[in-house]
Amino acid sequence: MRGFLRHPVRRMERVGLHTGIRWKLSAAIALVAGLVAVALSLVVHNAARVSMLDNARDLANDRVLLAQRNYELYGRTNFPDIKIDDPGLPRALRQKVAAGRRASDVSDHGSKPPDIWAAVPAKDGHVLSLHSHFPDRSLGVMNDLDQALVIGSIAVVLGGSALGVLIGGQLSGRLRKAAAAANEVARGETDVRVREAIGGVVRDETDDLARAVDAMADALRQRLEAERRVTADIAHELRTPVTGLLTAAELLPPGRPTELVLDRAKAMRTLVEDVLEVARLDSASERAELQDILLGEFVARRVAAKDPAIVVRVVHESEVTTDPRRLERVLFNLLANAARHGRPPVEVSVEGRVIRVRDHGPGFPEELLAEGPSRFRTGSKDRAGKGHGLGLTIAAGQARVLGARLTFRNIRPVGTPAHLPAEGAVAVLWLPEHAPTNTGSYPMLPQSGSTG
């Protein structure tokens with residue numbers, strides 16, 4: 001039985017069919033209910049048939065005994081169906097009667113009604129016998145019983161299927177809620193509890209699963225928070241000595257060694273500041289200070305101040321409410337990434353609330369396109385060799401504080417083989433219409449009279 005239920009599932013998995021637990025459970029319950037109904041129907045049918053045949057044979061025996069008594073008293077049988085020395089009497093019954101015993105038998109002929117025989121010896125040596133068929137009334141009762149069993153079996157299968165759908169639906173719904181809550185936890189929603197999402201009332205395996213996922217999420221959250229605090233503490237402790245090192249390097253006499261020391265000290269200070277910023281972004285404690293700006297004009301002025309050689313194309317001007325300082329940080333990091341890992345020309349376009357930064361280099365690595373920016377990973381060797389992988393990580397973090405969405409893609413003409421490099425990388429910043437929505441942080445509007 002277990003193997004019979006397992007093989008259809010394997011066949012469905014091999015052909016790639018995706019079925020929910022609701023329908024699998026319903027099919028299993030319907031199959032078991034059908035098998036049980038068929039087995040019970042066969043047992044009831046056979047028991048009823050045997051009982052009716054026994055009653056018919058007992059009736060035949062009673063009639064032939066009564067005929068024997070009348071025959072021995074009055075010389076006649078008084079029953080029209082009683083025959084004396086019937087040549088059609090089965091040999092087995094004839095032998096038993098010859099031995100002086102009363103005998104009866106039921107002969108089944110498949111689709112035909114069964115024959116019922118009863119025979120008894122008389123004192124004068126003759127044999128009295130009764131040959132009858134299964135009563136038509138009994139045949140009608142058996143047909144009605146079979147029809148009722150078929151209807152009952154179908155009702156049991158349908159009821160089992162409905163019960164399976166109901167139970168499987170509840171279980172599937174709880175599992176889907178648990179999966180949705182787990183996905184929210186994976187996206188960084190720290191306040192989501194899987195057990196609360198599924199409605200922790202029923203104590204079953206799904207509740208145990210939710211408890212385990214919540215415990216795992218809590219442990220992971222604590223570990224990440226501990227790592228963030230350690231990283232922030234280390235970076236904070238390094239800030240003072242690095243600042244002192246940079247100050248001391250600036251006091252060295254001019255020369256090539258001094259330039260190298262200053263360059264490395266500045267790089268170290270930048271790294272420490274970036275690590276501190278990443279730690280602050282990971283803590284989800286950052287708040288956006290919103291102002292109304294003309295996005296195209298803002299981007300054009302900031303890019304011109306950063307690199308006058310970059311051309312900004314404003315397709316459609318739009319007024320947005322955002323944090324100018326954080327938006328500038330995102331924009332500059334995208335430009336720095338394009339200049340460091342791509343090839344000129346670098347192009348910037350503004351269309352409504354969307355900012356695009358494109359270079360003409362080999363494109364973003366596949367790992368970044370699949371998983372997003374990752375700290376201390378600069379990607380493939382085509383776009384690596386410089387930096388610490390924090391630029392795009394900070395840009396993505398600041399975008400989350402703004403409630404914006406930062407996406408990455410490569411420019412590849414249709415039909416270009418996968419092994420050939422792309423013709424450029426495009427980073428797209430999608431600013432929200434109103435305020436940050438999916439970061440857990442709430443923007444603080446500037447007080448009246450404050451400046452941006």
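The values are calculated or read from the model by the stated rules, or taken from the named source; none is laboratory data. Treat the numbers as computed from the prediction; the structure is a model and nothing was measured. Cβ sites come from the backbone with ideal geometry, for glycine too, and all protein chains shown count toward neighbours. For the accessible areas, the whole protein counts, side chains as well, though only heavy atoms, and no ligand, DNA or RNA atoms are used. Shrake-Rupley method; radii C 1.70, N 1.55, O 1.52, S 1.80 Å.
Just a few scattered comments:
- Segment Thr407..Glu367, full-extension length gain: 13.1 nm, with 0.36 nm per residue of separation and the alpha-carbon distance subtracted.
- Per-residue accessible area (protein heavy atoms, 1.4 Å probe) orders Met52, Met142, Met268, Met216 as Met216, Met268, Met52, Met142, starting from the largest.
- Nearest-10 value in Å² for the accessible area of Ile84, using the 1.4 Å probe: 80 Å²
- If you take all other residues with their beta carbon under 14 Å from the beta carbon of Leu295, and give Lys and Arg +1 and Asp and Glu -1, the sum is -2.
- Two-site FRET efficiency, Thr240 against Leu220, from Cβ-Cβ distance with R₀ of 25 Å, rounded to 0.05: 0.20
- Restricting the calculation to Cα atoms, the stretch 21-158 shows an Rg/Rh of 1.24 when the hydrodynamic-style radius is the Kirkwood one.
- For the stretch 21-158, the tally of Lys pairs with Cα-Cα distances below 30 Å comes to 5, considering only residues 8 or more apart or on different chains.
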